[in-house]
1. Among the residues of segment 231-249, is any closer than 16 Å to GLU299 by Cβ and part of a helix (DSSP H, G or I)?
2. Let me spell it out: the conditions are (1) surrounded by 17 or more Cβ atoms within 10 Å (Cβ to Cβ); (2) at pLDDT below 75; (3) farther than 20 Å from SER105 by Cβ, and LYS35 meets all of them except one. Which number is the exception?
3. When THR220 is evaluated against the numbered criteria (1) loosely packed, with under 15 Cβ neighbours inside 10 Å; (2) within 14 Å of the ligand (Cβ to nearest atom); (3) in a loop (DSSP other than H, G, I, E, B), which criterion, by number, is the only one it fails?
4. Need pairs with beta-carbon distance below 6 Å; first residue closer than 17 Å to LEU87 by Cα and within segment 142-160, second more than 16 Å from the ligand (Cβ to nearest atom); sequence gap 6+ or separate chains.
5. Does THR111 qualify as being modelled with pLDDT under 95, within 16 Å of the ligand (Cβ to nearest atom) and either within 17 Å of LYS205 (Cβ to Cβ) or buried (at least 21 other Cβ atoms within 10 Å of the Cβ) (or both)?
6. If ASP323 meets every condition in (1) within 16 Å of the ligand (Cβ to nearest atom); (2) at pLDDT below 95 apart from one, which number is that one?
7. Would you be able to say whether some residue in segment 253-269 is of a type outside the set (A, V, I, L, M, F, W, C) and within 25 Å of ASN161 (Cα to Cα)?
8. All but one of (1) within 18 Å of LEU79 (Cβ to Cβ); (2) buried (at least 19 other Cβ atoms within 10 Å of the Cβ) hold for PHE162, so report the exception by its number.
Amino acid sequence: MSVESIVKSIYDADKESLEFSKPLYYKLLCQWLKKGVNSFDKMTDLPKTVIENLKAKYTSPILSEVIDVKKDISSTKLLLKLYDGLLVECVLLKREDGLYTACVSSEVGCTMKCEFCATGSVGFKRALNWWEIIEQFFHLKALNNELDRIVFMGMGEPLCNFENVKRAIEYIKGEIGMSPRRITVSTSGIAPGIKALADSKLGVKLALSLVTANDSVRNTLMSASRLYSLTELKKALLYYSEKENRRIALEYCMLKGVNTDRKSADELKNFTKGLIYSVNLIPWNKLDFLPFDTPSAKEIKAFEGYLNALNVKYTIRVSRGRDTSAACGMLVAKNKGGV
Ligand code: SF4
């Protein structure tokens, strides 16, 4: 797959754009995009008339348009308007090593509707095309060139849009040259999708949003759980580990009074048996319109104590991007009219 093919896919949406049928202009445009340039005015080797024609038709060489930017100390969240007017969000996250991670969306809204997630509360509009995922990367790269990781943790369940996510990853690996070790796909627990990801041999990291290792509690929180039990999920994770020989990140979103007691710790311990894993504890980010609370410092400490006693390896993650509503489960694309 080449850069040319992504540009062609983008402009297939408008076949009237005859300028782009000329191979030279394709080539020049592709070269600029590869450098992270996303303004026609900066494409100095394209003829002025072509630039003017393009500007009359498109705001930028990529179809999605940034319509809002929110920043805090460690994150920049972009609200993008897609070619059909729908809205989607993506986030640039500053890591402790000073470099940056792109958090991209795979759907407008989400099919899964997890009870504790802002994205889930807005419903599902449509899956993103693979090039719309790449466009998010280009927008974020234009903010900071020191972007060297990408996580599929934004709006949507990536494994419900597998073909487009797969194609986007192939592009990121092949055209952008990012190592698969720097790419993470996060799922709410689509067991067949995990197997398909393993079979695709993309070599990326896998994160599972586990939340609880109790089927009945999980059923009340996550649609994926009603589709695939923890037993099915564990089989899929073992399959992934076997094929990819990779540690799996178990994301444990801590909800006050829901999944932080001793019994929950025992169930988590039980679930990890036989897995190559790391547990990431993520205290839930408070959202006023959802019926949950962030656990207190005391509750978090107590849960850590249970895990220590059980010898469960974990890290606790202070979620970045809280101030801009860019943290885990907070992307909702509701600014300026909603999705
Ligand atoms: S947590 Fe993930 S899978 Fe669940 S509703 Fe939110 S975006 Fe969708």
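The values are calculated or read from the model by the stated rules, or taken from the named source; none is laboratory data. Note that the structure is a prediction, hence the values are computed from the model and not measured. Cβ placement follows ideal geometry from the backbone for every residue including glycine, while neighbour counts extend to all protein chains displayed. For the accessible areas, the whole protein counts, side chains as well, though only heavy atoms, and no ligand, DNA or RNA atoms are used. Shrake-Rupley method; radii C 1.70, N 1.55, O 1.52, S 1.80 Å.
1. Scanning segment 231-249, I find no residue that is closer than 16 Å to GLU299 by Cβ and part of a helix (DSSP H, G or I), so the answer is no.
2. So the condition that LYS35 fails would be (1).
3. Going through the list (1) loosely packed, with under 15 Cβ neighbours inside 10 Å; (2) within 14 Å of the ligand (Cβ to nearest atom); (3) in a loop (DSSP other than H, G, I, E, B), THR220 breaks only (3).
4. Cβ pairs passing all conditions: none.
5. Answer is no for this residue.
6. Condition (1) is where ASP323 drops out.
7. no
8. (1)
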